[in-house]
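**Q** First the structure, which I've put down as structure tokens, then a few questions once you've had a look.
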Amino acid sequence: MERLSARLLSWASLIDEKTVEQARTSSRMPFIHPHLALMPDAHLGKGATVGSVIPTLGAIMPAAVGVDIGCGMIAVRTQFTKEELLARDLTALREQIERAVPLSAGRDNRKVVATAEPRVAELEELATKAEFDPARYAGHWRLQLGSLGSGNHFIEVSVDELDRVWMFLHSGSRGVGNKIATHHIGVAQRLAKQWWIELPDPDLAYLVEGTEEFRRYIRELRWAQHFALLNREEMMDRVARQLSEVMGEPVVEHERINCHHNFTESEKHFGKQVWVSRKGAIQADAGRPGLIPGSMGTASYVVEGLGNPLSLNSSPHGAGREYSRSAARRTFSHEQLRQAMAGIEFRDTDAFIDEIPQAYKPIDRVMADASDLVRVRHTLRQLVNVKGD
């Protein structure tokens, strides 16, 4: 860990100056308490740095959570072994998963399926309690439950160090969460203009605790966080059905972890009750299980938090980009992607060049930087990868 200033601590050994300067700017906001923590995977974001932990007193910056509210990971350990899985047709498994889960931006379900019905009902009840109608943001939000999205979201079937088979996926609150976040970022920016508040970056606009705008954001934020959690559960159920079909027997769950890495919670740190916004970071209280994915073609980790107080009980959420998507497309080729994915069943298309492992920080470096934040419980290597364009 390196103290970059009184209000900025960094665990990143691989970081560029633009990212550091963006984090410095955020750390100077008057309500930061006690400091902003940069995780090992930190990289440039919109307004607030991706891979940062931002504790605030009496205010929240909606952009410090980001537009994919509740984005995170879910993993399930099954009874199957690597040997048993490799005896099956992995291409067929990938294609079945691709049919069962809508992939890519803008792709939704055609109907609310049976497994999604109780989850949709739960979200409808929560929305009523939160006093808002999600359809104001996305009329088709019910059809988004159980869909993956695109970018770095993925579904994988992996094996751990003991050759046990895991199902592993990454997604968030989809279009409805994006619309909720975008709306409240806009509200914060409008209020800043209304009250002549000068900001170093418009995306650091904030909502003040005690106001109706703040209360509404928290209610809708929590709803979107729960949508994201149930969205992952719904997809995991579908992946389990496809794996069961291919393996010829029902999946037996031996372990399940479901955690956010874009979210806000009220927590006590350094003697104060603060709002902790983790934008690309997971909660890592002592003993808490968590998930840190690598990139396409690299290892992912099941971890346990160490409860490091200086990190505000947090850890990285993944490898973290080293190349922007456009830079990755200019730098790497389809053939390099194929080489990086050797031995992994995936949809071989140049649409994924910007997700090539070389576009991300080396996950081993990130995990070494995080050695005082988490303990590794399992190392996962994917055999099947599913992504949206």
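**Q** Restricted to region 230-266, and to residues that are at negative phi and without any contact (Cβ under 8 Å) to a residue 60 or more places away in the chain, which residue is farthest from the chain's Cα centre (by Cα)?
**A** Going through the qualifying residues, I end up with Glu249.
**Q** Next up: Could you list all residues from region 30-49 that are of a type outside the set (D, E, K, R) and crowded, with 24+ Cβ neighbours inside 10 Å?
**A** Scanning region 30-49 gives Leu36, Ala37, Leu38, Met39, Pro40, Ala42, His43, Ala48, Thr49.
**Q** If we only count helices (runs of 4 or more DSSP H) wholly inside region 80-138, which ones have 1 or more residues that are in contact with a strand residue (DSSP E or B) (Cβ under 8 Å, 6 or more places away or on another chain) and over 15 Å from Ser173 (Cα atoms)?
**A** Per the criteria, 82-86, 90-100.
**Q** Sticking with this structure for a sec: May I ask you to list the residues in region 131-175 that are of a type in the set (D, E, K, R) and closer than 21 Å to Ala224 by Cβ?
**A** Filtering region 131-175 down to residues of a type in the set (D, E, K, R) leaves 131, 133, 136, 142, 156, 160-161, 163-164, 174.
If the condition is that a residue be of a type in the set (D, E, K, R) and closer than 21 Å to Ala224 by Cβ, then Glu131, Asp133, Arg136, Arg142, Arg174 are the ones that fit.
**Q** Is at least one residue of region 297-304 in contact (Cβ under 8 Å) with a residue 40 or more places away in the chain, at positive phi and open to solvent by less than 30 Å² (accessible area, probe 1.4 Å)?
**A** yes
**Q** Can you pull out the residues in region 292-306 that are out of contact with any helix residue (DSSP H, G or I) (no Cβ under 9 Å at 6 or more places or on another chain) and in a loop (DSSP other than H, G, I, E, B)?
**A** Leu306
**Q** Follow-up. Are any residues in region 225-267 of a type in the set (S, T, N, Q) and either in contact with a helix residue (DSSP H, G or I) (Cβ under 7 Å, 6 or more places away or on another chain) or closer than 18 Å to Arg119 by Cα (or both), and if so, which ones? Break it down stepwise before answering.
**A** At the first step, the residues of region 225-267 found to be of a type in the set (S, T, N, Q) are 225, 231, 242, 244, 258, 262, 264, 266.
Across region 225-267, the qualifying residues are Gln225, Asn231, Gln242, Asn258, Thr264.
**Q** Something else about it: Which residues, taken from region 100-115, are open to solvent by 80 Å² or more (accessible area, probe 1.4 Å) and either touching a Pro at 6+ places or on another chain (Cβ under 7 Å) or in contact (Cβ under 8 Å) with a residue 40 or more places away in the chain (or both)?
**A** Hit for region 100-115 is Arg107, nothing else.
**Q** Next up: Please go through region 260-309 and pick out each residue that is more than 20 Å from Ala42 (Cα to Cα) and of a type in the set (A, V, I, L, M).
**A** Hits for region 260-309 are Val274, Ala286.
**Q** Taking the condition closer than 25 Å to Val157 by Cα, aromatic (Phe, Trp, Tyr) and in contact (Cβ under 8 Å) with a residue 40 or more places away in the chain, does Phe227 pass?
**A** yes
**Q** Right, here's the next one. Only one residue in Leu191, Leu169 is over 20 Å from Thr91 (Cα atoms) and not aromatic (Phe, Trp, Tyr), so which one is that? Talk me through it step by step, then tell me what you get.
**A** Numbers: Leu169 fails: over 20 Å from Thr91 (Cα atoms).
After ruling out the rest, the residue left standing is Leu191.
Listed here are the residues, each with its yes/no results for (1) under 18 Å from the mean Cα position of the chain (by Cα); (2) of a type in the set (Asp, Glu); (3) crowded, with 24+ Cβ neighbours inside 10 Å.
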{"position": "Glu117", "(1), (2), (3)": "no, yes, no"}
{"position": "Leu126", "(1), (2), (3)": "no, no, no"}
{"position": "Glu131", "(1), (2), (3)": "no, yes, no"}
{"position": "Ala135", "(1), (2), (3)": "no, no, no"}
{"position": "Gly149", "(1), (2), (3)": "yes, no, yes"}
{"position": "Glu156", "(1), (2), (3)": "yes, yes, yes"}
{"position": "Val159", "(1), (2), (3)": "no, no, no"}
{"position": "Arg164", "(1), (2), (3)": "no, no, no"}
{"position": "Gly172", "(1), (2), (3)": "yes, no, yes"}
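A quick yes/no check of all residues on (1) of a type in the set (Ser, Thr, Tyr); (2) more than 23 Å from Tyr360 (Cα to Cα); (3) touching a Ser or Thr at 6+ places or on another chain (Cβ under 8 Å); (4) modelled with pLDDT of 95 or more:
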residue	(1), (2), (3), (4)
Leu8	no, yes, yes, yes
Gly51	no, no, no, yes
Pro62	no, yes, no, yes
Ile74	no, no, no, yes
Thr78	yes, yes, no, yes
Ile97	no, yes, no, yes
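**Q** Given the criterion under 17 Å from Ala63 (Cβ atoms) and in contact with a Phe, Trp or Tyr (Cβ under 9 Å, 6 or more places away or on another chain), identify the matching residue among Leu204, Leu191.
**A** Answer to the check: Leu191.
**Q** What residue, among those in region 5-19 that are open to solvent by 10 Å² or more (accessible area, probe 1.4 Å) and not in a loop (DSSP other than H, G, I, E, B), is nearest to Ile54 (Cα to Cα)?
**A** Result: Ser5.
**Q** Working carefully through the options Asp68, Asp89, find the one that is in contact (Cβ under 8 Å) with a residue 12 or more places away in the chain, open to solvent by 50 Å² or more (accessible area, probe 1.4 Å) and closer than 30 Å to Gln242 by Cα.
**A** Numbers: Asp68 fails: open to solvent by 50 Å² or more (accessible area, probe 1.4 Å).
Within the list Asp68, Asp89, the selection yields Asp89.
**Q** Which ones in region 9-37 are more than 16 Å from His269 (Cβ to Cβ) and aliphatic (A, V, I, L, M)?
**A** Selection gives Ala12, Leu14, Ile15, Val20, Ala23, Met29.
**Q** From the residues in region 174-204 that are farther than 23 Å from Ile218 by Cα and without any contact (Cβ under 8 Å) to a residue 24 or more places away in the chain, which one is least open to solvent (accessible area, probe 1.4 Å)? Step through it out loud before you land on a result.
**A** Filtering region 174-204 down to residues farther than 23 Å from Ile218 by Cα leaves 196, 198, 200.
Remaining after also requiring without any contact (Cβ under 8 Å) to a residue 24 or more places away in the chain: 196, 198.
Numbers: Trp196: 222, Glu198: 174 Å².
The residue in question is Glu198.
The values are calculated or read from the model by the stated rules, or taken from the named source; none is laboratory data. This structure is a prediction, so every number in the text was calculated from the model and none was measured. Using ideal geometry, Cβ is built from the backbone for each residue, glycine included, and neighbour counts are taken over all protein chains shown. These accessible areas exclude ligands, DNA and RNA; they are computed on the full protein's heavy atoms, side chains included. Shrake-Rupley method; radii C 1.70, N 1.55, O 1.52, S 1.80 Å.
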